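Worksheet: one structure, shown below.
The values are calculated or read from the model by the stated rules, or taken from the named source; none is laboratory data. Please read all numbers here as calculations on a predicted model, not as lab measurements. Reconstructed Cβ throughout: ideal geometry from the backbone, glycine too, with neighbour counts over all protein chains shown.
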Amino acid sequence: MPRKFVFADAPHRSVNLVAGERLKDGNLAPANVGNAWAVAVWAKPSGDFSADRGLFSIEHELTLAFPINFPFSNIRIIFRTSGTNNMTVQTWAGLAAPIKDYTWNSWWTQDTWILTMITWNGTSLLAYRNGVAVSPSTMTTDDAGSMGTPPARRIGVGNLVSTGLADNDFQGRIFSAGLWNVAVDAPGVAALYNGGYGANVDWLIPRPGYTASAFLQHYWRTGHYYPPDSGIGRDYGVASTNRRNIMNNAVNIDGSDIVYDWPGKEL
């Protein structure tokens, strides 16, 4: 039986989010991604399962009194609970409606670390749970469209930027989140799940099967520093400009929210 390796190249702490706490960069700035991307989040949901919770969002947050075609290219990963433990992913290429609105049933397990990874290659929206591709249960909207040239957007980890509502805040622990400007392929996704063993690895380090580290534009390791509190939101991605610190507009987050817990702790 093969050994279970726990890599020591990533920190062994995470941030614990409760009601009214969120990590957010509310500045309108480039996100360095366009019509090909991947998003990954290590999360351990807990607490209130009674409402939709935003796991990750990148949105223009544009409010207008009349319809207008604006290429704000939003991405939302929603912990769609309401007693179902489902996950919904929505992407926009303009203001009117999502071009993709997919739901995966029974995605979440309370108090269990899950690596969620979503990829978009300009045509196909794919979801991976713990390194394995999973077909959507429902495709409410499945239109074609390009997410185009990346505009300035806000970024939220553990919340929906556009609502700013505590009812939409994720409750649980987040170990890391990343945003690539390529669609990471299936072998790369599997490698990030540590070959199926689920222990944490550093996404900036290439390893067999994973060759997309040079495209990891934004990388947040939320438990990496304690103290200082500002390290919680530091962006370790490869982008030479437009680094996005998700403590810039964080709410009620400080060093007391750091906990000694990580994916693979139980191995």
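Data table
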| quantity | calculated |
| --- | --- |
| Selection count where residues are surrounded by 18 or more Cβ atoms within 10 Å (Cβ to Cβ) and modelled with pLDDT under 85, scope the range 9-30 | 2 |
| Residue in the range 65-83 that is part of a loop (DSSP other than H, G, I, E, B), of a type in the set (Val, Ile, Thr) and either modelled with pLDDT under 80 or within 24 Å of residue 122 (Cα to Cα) (or both) present | yes |
| Number of the exception - residue 259 against (1) modelled with pLDDT under 90; (2) closer than 15 Å to residue 14 by Cβ; (3) not small (Gly, Ala, Ser) | (1) |
| Matching residues in the range 161-197 - criterion: being modelled with pLDDT of 95 or more, outside any helix (DSSP H, G or I) and over 30 Å from residue 26 (Cβ atoms) | 185 |
| Any strands (runs of 3 or more DSSP E) falling wholly within the range 96-158 and containing at least 2 residues that are touching a strand residue (DSSP E or B) at 6+ places or on another chain (Cβ under 8 Å) and closer than 23 Å to residue 23 by Cβ | 114-120, 125-129, 152-157 |
